[in-house]
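Here is the structure we will look at.
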Amino acid sequence: MAYIPPEIWLYVGSFIPDEALSQIRCVNKAFLDLAMNVRWREVTITTRNISQAMRILHRISDPFVARRMRALVLRLATPDPIMCNMTLDPLFLERRPGSHITNLSDFCLDSFGAVLDVFVSASCRFLTLSTLTLDFSLVAPAYRLRLEPFFSSLWPSIGHRLNALSLKGNLKGYRTLLRSAPVLSYVRELSLELINNPHDADVDDDADVLLEAIAPFVNALSPRLEDLKIRSHPSHSLSADLSPFFIYLSSFPVLSSLDLHLVLNKPFCDPRGLQALIANTSPTLQKLGLRLNPSGFAMDSMVEERLAPLLLDSILDSDSFTRIESLDIYPTREPEGPLIVLSFLRRSSEHLKEIIIRDRYFHVEEVVLVVEAASECRSLTSMQFNVWYLDILLLDRLAVKLPHLQSLKISTVESSIDGFPVCISFYGLLTCIGRLTLINNKYLFIQELKSRSYVGWKLMDISVCYGDREVDSETMRALGRSIPSVTSFFGRGHKDFKAANQKMLFANSLGSRFDGLFCSSA
């Protein structure tokens, strides 16, 4: 083979799919290098399995591997006693002379601390690390004493290298982490995920953590933050009110992405801070996520009633949200819901490329109004919404009003005959009649599709779901026949239902080969 400079091989390799690199890694050094980059650019370590964590730490302690790592996910979890009972590699866990483990609990605690020590020792080699995810939500209270010295030792090694930081845990875990005074000079992306632990809840203490630890931490980063995500999880126990936390937040002058996924099924007494955050950042935002709903949990009707005016008041300023390119919103189930969507569409029409409308199911007449407003968004290429039932006239309107749309996802109500109930009561009879009507609508929709051909539509990918479940292949193939431009179902890049399963099997076997090649202990 003629000599080809490594730079040319690397350029050629940049066009090769990641899943194929393992098969050609032995061709030359350049392809091996690329395969190593794919395997180690993102690493996940969990302390649940001590032996596995030690093996991965051994690999990334090697500078040849460490220099390829760009993102690291560290899940700090209380070790599994079964995994703790396994023999650990003596290269990484040196026993103190004369030490004696009297029970499995002590052994697990000692092993957990050993993993943290090895991680800190290896972290000085993470010279290219820029993204760190710390999940400390599964650490038992007895293990928390090991976390504060770990965090204090970790930040000097990697804190100045990070551009993106994601944190996930309960509020007591956040207190422990922030006591270590992290220095994060270059962080531009921050994600906070707040877990409510019903077995470790103290409302007064949690409120103090929000105001005295987390809010000052966010405010210290706010002048340079470009991406902020805040998510809270539902809790059946009484949890702290988040509204004072938002009131305490300062301004974010360069924020371009704001993603709020907040569960409001618990007290949220004062919405002023949240409203101010949304309104004050609106002139600079390009990406906005407003999922202010409990995601399946019952929402207090009074909270729902306050949420609609909050969203409407946020768009009163004529300069608000004019730069939005991506919008992900829950518009509430209140009567103002369609008006909220229409207002956001009109305000962001100049740059909007993607809109996702979640959790609210619209009537066809309401969706037609949304499509009409979306037609003014000349850059719109991706759309997702929920509708009570499929209607051929809606598809006609989409094709006419949004001819440049490339991706479309529609969720509708269940209309499958799988598990059809037996009618044994009046309520059951009504349920059966309702489902028979939906089934009839489905087949009517498919029959009407046969007379349609949306030749001018540029749609490339389409997804239709019953809630979170994909519709049947018959419906999808009927859509594919009527929309000639479609080349992909459900974002898979193809229309073959069998190929989806085959691709998954191939990916699993590929991962096994990669792990066998790169994860073995030295």
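Values in this text are rule-based calculations from the coordinates and carry no lab data. The structure displayed is predicted, hence computed values, not measured ones. Positions of Cβ are generated from backbone atoms using ideal geometry, with glycine treated the same way; all protein chains shown enter the neighbour counts.
Some notes on this structure:
- Computed over neighbours whose Cβ is under 13 Å from that of residue 407, the net charge equals +2, Lys and Arg +1, Asp and Glu -1.
- For the range 121-184, a simple Cβ point-charge model (Lys and Arg +1, Asp and Glu -1, everything else neutral) yields a dipole of about 100 debye relative to the Cα centre.
- Annotation: peptides 322-334, 251-263, ranked by per-residue average of other Cβ atoms within 10 Å with the highest first, follow the order 322-334, 251-263.
- Gained length - residue 468 relative to residue 142, 0.36 nm times residue gap less alpha-carbon distance: 113.5 nm
- Peptides 141-148, 456-463 ordered by packing proxy, namely the average of other Cβ atoms within 10 Å per residue, highest first: 456-463, 141-148.
- For residue 70, net neighbour charge (Lys/Arg +1, Asp/Glu -1) across residues whose Cβ lies under 11 Å away: +3
- Local electrostatic count at residue 247 - Lys and Arg +1, Asp and Glu -1, tallied over other residues with Cβ under 9 Å: 0
- Near-label residues of the range 376-408 by backbone N, under 18 Å of a point 7 Å along Cα→Cβ of residue 443: 390-392
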